[in-house]
Amino acid sequence: MDYMSDLNEQQELAVTTIDGPLLVLSGAGTGKTRVLTSRVAHILYSGAAYPWQILALTFTNKAANEMRFRVAQYSEIAHLCGDLWMGTFHSICLRILRSNCDAAGLRRDFLIYGEDDQKAVLKRVITNLALDSKEFNSSDWVENISNIKDKGIFDFDKMVLSPAEQKILREYNAELARLSAIDFGDIILFVLKLFATHDEILRKYQNQFKYIMVDEFQDTNAAQMKLLKMLTQNQYVPNICCVGDDDQSIYSWRGAEIKNILEFEKTFPNPQVIRLETNYRSTGNILGAANSLIKNNMERLGKDLRTAPGVDNGEPVYILTVPSDWDEARFVADTITRNANNNFSSFAVLIRMGSLSRPFEEEFTSRQIPYRLIGATKFYDRMEIRDAIAYIRLLVYPFDDVSFERIISKPSRQIGPAAIAKLRESGKSLMDALRTTKLSAKQQILANEFLSAFDFDWQSVAPKEAVQQLLENSGYLKMWRDSKEADSAERLEHIRELVNSVVAKYNTIPEFLEHAALMMTDDNDNELDGKNLVSIMTIHAAKGLEFDTVFLPAWEEGVFPNEKKSDADIEEERRLAYVAITRARIRAIITNAMVRTVFGQRLYQMPSRFINEIDSRYVSFNGNQKPKYSAPTASQKPKFKNESVVGKMVSHREMGTGVIIAENDKTLTVAFKTRGIKNVARDFVKFI
């Protein structure tokens, strides 16, 4: 059968093992998406379940769409795809809430608030509580509330919070309830509460989902894990299959708990564990370097990536020391210019943090190397797109005060804070209050123009036409057409794309708004548009991507790993380094600078401990050490002075430890960590 063709032995075992708990440890580039989609196909082909009895959970809309597309390629079951419960944790939970909104204590047309909406609500709450907005910053509190809700705790009174924090959380949730809204964290939390308080609803879904599959299991947080436990509890042997890689767990900062995958056997006793270790992406030296690095972690289940049949060891992983961060950027630009052959999209620069991008951006610009900065503003994060969506939301949900406040002054209608405060006195929604509250003559004229833009039967026309009419009649499109801002034409083009390419795909505007709410909170920001550009991005953003050549700059102590202290923090940093190396198909080039400017300060840097942890069999240091396997050609290999000690670590009895930045026959110039740059005799230093 098609879905079984070209599977290796471990993949086939993972596809056909459908009874009981199963953990599939899928290393980088080992074909986990193929396994998941083939597994869905196998369950359907074998008649083990109907499509609506299969629950497949992902972390991004892109992953869910990719899985659904692949399953649909199998012609005999393509017509069943529409009945699969396949989507992100949040989209699936939203579907459950929409079907059980009364039991969940929600209006049928409840709203979903993203970060901008949350900030607006929190600013008002913090102001009303007479709290210092600097001490209680609304942006910080969006993150705080997300962290609290991601723990899956809905009895907030039992949490250890200060009185002020308790007040903010309580008033914020009360304000959401008043606005008939929930935030992104509430989507799963409300389902957990629904299941905990309505046993008959929980049993319904437990009985419905005969097979549960989870992608990227290492990224699950506490709330998501509670959901899986609830859905599988009281089942004698739960048919749950979790696919993930403990070595790629890099999101603890947003709530992911690696213990979920490490303790799978405790949660689901007597599971089968299958390791996918054949990598279909990288050469042998790249995989050897990654394997040798990650073995230094203690908290892991263990596996070794190996090359696919017919793939050789390739070039070594290059490790280069350069004098400064600007030399680093020049070296990367030189290498790309020399080797690109107009194929710029095959190169990527993966950085530990966004602030490291500036030298590369400036160097690439001056050398006319085309590039893109991934992680810049996403489509749904653009101001004009969020404004347009606020207009559309207010059209469908006139009670949405947050959207009202966002757009009432776009374009200006002379309705400022004082007028809005007057509208609030009515106790009605701001939109209803605007229709009945007496304002100044000029304000009233502009208010009537605003209201008239919404007064049409939007349900009687196609969503695209309704949205176009609304944005035109409200003056929002005219505002940008008349704008003198340099990017006004680009903003109009983005709005045009929203209306013509996105809204037009949906049968109803509420369907589009639900899609937009999920997209605005989707974690997936690593889309590439197919243009011929070098990619500069953080390592986190690069997860799931691959390139022929990957540059990994700033592998220095305090930068990568950063200045975190705990063993758990260092282990996560090491997993991030593992992810970085395994993005490379053909070559990986690691660099460290002896001097780096950080927040305006020139600092003397020590090479990252991760460099020393990579087995020397797989690397070439500064172009001197011969790799064990096939060497690169002369044109590919970076040129460094033969037998140079520049870049090596030394210790001096009086000066301490440092890095050699220059040399001659008898003396060395060393950047000491505590004493600065000094010239010392070779005989008085010890190489570390």
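For Lys648, list the lysines whose Cα falls under 18 Å from its own Cα; do not include residues on the same chain fewer than 8 positions away.
Within reach: Lys626, Lys639, Lys666, Lys673, Lys678, Lys686.
Can you list the HN-Hα couplings for the range 222-233, worked out from phi with the Karplus curve (6.51, -1.76, 1.60; θ = phi - 60°), rounded to whole Hz and with x for Gly and Pro?
So the Karplus estimates, Gly and Pro as x, are 5, 5, 5, 5, 4, 4, 5, 5, 5, 5, 9, 5 Hz.
Write down the Kirkwood hydrodynamic radius of the chain, to one decimal in angstroms, obtained as one divided by the mean of 1/r over all alpha carbon pairs. Working shown, then result.
Numbers: mean 1/r = 0.0354 Å⁻¹.
Radius from the Kirkwood sum: 28.3 Å.
Extension gain Ser180-Lys204, at 0.36 nm per residue separation less the Cα-Cα distance, in nm? Could you put the intermediate results ahead of the total?
On the way: separation 24, 0.36 × 24 = 8.64 nm, distance 2.64 nm.
Between Ser180 and Lys204, full extension yields an extra 6.0 nm.
Can you give me the angle between helix 184-197 and the longest principal axis of the chain, using Cα atoms only, in degrees from 0 to 90, rounded to the nearest 10?
70 degrees
Give me, ordered by chain and number, the residues 5 or more places off Val595 or on other chains with an amide H under 5 Å from its own placed amide H.
Ser324, Asp325, Gln605
Just tell me which lysines come within less than 21 Å, Cα to Cα, of Lys193; anything on the same chain fewer than 8 places away is out.
The reachable lysines, counting only those whose Cα sits under 21 Å from Lys193, are Lys149, Lys151, Lys158, Lys204, Lys226, Lys229.
Based on DSSP, what percent of beta bridges with both residues in the chain are antiparallel, to the nearest 5?
Given both bridge residues lie in the chain, the antiparallel proportion sits at roughly 30 percent.
Could you work out the pair-distance distribution P(r) of the range 93-203 from its alpha-carbon pairs, with 10 angstrom bin width and percents rounded to whole numbers?
Pairs per bin, as whole percents: 14, 46, 31, 9, 1.
Considering only protein heavy atoms and a 1.4 Å probe, what is the carbon-and-sulfur percentage of the accessible area of the chain?
49 percent
What distance in nm separates the two pseudo spin-label positions at Asp548 and Asp132, each 7 Å out from Cα along the beta-carbon direction?
The answer from the label model is 5.7 nm.
Kindly write out, for the range 59-76 in residue order, the coupling ³J(HN,Hα) from the Karplus curve 6.51 cos²θ - 1.76 cosθ + 1.60 (θ = phi - 60°), rounded to whole Hz, with x marking Gly and Pro.
3J(HN,Hα) across the range 59-76, in whole Hz: 10, 9, 4, 4, 5, 5, 5, 5, 5, 5, 4, 5, 4, 5, 6, 7, 4, 5.
Sort 645-653, 56-64 by packing, meaning the average of other beta carbons within 10 Å per residue, with the highest value first.
On the way: 645-653: 16.6, 56-64: 21.3.
Most protected by this proxy first, the peptides run 56-64, 645-653.
If the reach is capped at under 23 angstrom between alpha carbons, list the lysines near Lys505, excluding any in the same chain fewer than eight residues apart.
Within the straight-line cut-off, Lys505 pairs with Lys62, Lys378, Lys464.
Are there any trypsin sites (Lys or Arg not before Pro) in the range 539-601 that are in a DSSP loop and have at most 13 other Cβ atoms within 10 Å? List them by number. Numbers along the way, then the final one.
On the way: sites: Lys543, Lys564, Lys565, Arg574, Arg575, Arg583, Arg585, Arg587, Arg596; in loops: Lys543, Lys564, Lys565, Arg583.
Passing sites in the range 539-601 are Lys564, Lys565.
Once you list every other residue whose beta carbon is under 15 Å from the beta carbon of Ala489, what net charge do they have if Lys and Arg are +1 and Asp and Glu are -1? List each step's numbers first, then the result.
On the way: positive: Arg382, Lys478, Arg481, Lys484, Arg491, Arg496; negative: Glu384, Asp482, Glu485, Asp487, Glu490, Glu493, Glu497.
After counting each charged neighbour, the total is -1.
Accessible area per residue for the range 1-147 in Å², computed with a 1.4 Å probe and the full protein assembly in place, what is it? Walk me through the numbers before you get to the answer.
Working: 6280 Å² over 147 residues.
The answer is 43 Å² per residue.
Once amide H atoms are placed 1.01 Å from N in the peptide plane, what residues at a sequence separation of 5 or more from Met213, or on another chain, have their amide H within under 5 Å of its amide H?
Correct list: Leu55, Ala56, Leu57, Cys241.
Modelled label-to-label distance, Lys295 and Arg675, 7 Å Cα→beta-carbon offset: nm?
For the pair Lys295/Arg675, the computed spacing is 3.8 nm.
Between 0 and 90 degrees, rounded to the nearest ten: what's the tilt of helix 32-45 against the longest Cα principal axis of the chain?
50 degrees
All other residues with a Cβ under 10 Å from the Cβ of Thr437 taken together, and with Lys, Arg as +1 and Asp, Glu as -1, what is their net charge? Write down the numbers at each step before the final one.
On the way: positive: Lys422, Arg424, Lys428, Arg435, Lys438; negative: Glu425, Asp432.
With Lys, Arg at +1 and Asp, Glu at -1, the neighbours total +3.
Taking loop as defined by DSSP and a crowding limit of 15 other beta carbons within 10 Å, which GluC sites (Glu not before Pro) in the range 360-463 fit?
Values: sites: Glu361, Glu362, Glu363, Glu384, Glu405, Glu425, Glu449; in loops: Glu425.
Here the sparse-neighbourhood loop sites are Glu425.
Per residue, how large is the accessible surface of the range 368-505? Use a 1.4 angstrom probe and give square angstrom.
Details: 6680 Å² over 138 residues.
Per residue, the range 368-505 has 48 Å² of solvent-accessible surface.
Would you compute, from DSSP H runs of 4+ residues alone, the mean residue ellipticity of the chain at 222 nm, taking -39500 (n - 2.57) per run and dividing by the full residue count, rounded to the nearest 500? Numbers along the way, then the final one.
On the way: 28 runs with 283 residues, N = 688.
Rounded to the nearest 500, it is -12000 deg cm²/dmol.
The values are calculated or read from the model by the stated rules, or taken from the named source; none is laboratory data. Keep in mind that this is a model prediction, so the values were computed, not measured. In this analysis, Cβ positions are derived from the backbone assuming ideal geometry, glycine residues included, and neighbour counts consider all displayed protein chains. Ligands, DNA and RNA are stripped out before the accessible areas are found, and what is left, the full protein with its side chains, is counted by its heavy atoms. Shrake-Rupley method; radii C 1.70, N 1.55, O 1.52, S 1.80 Å.
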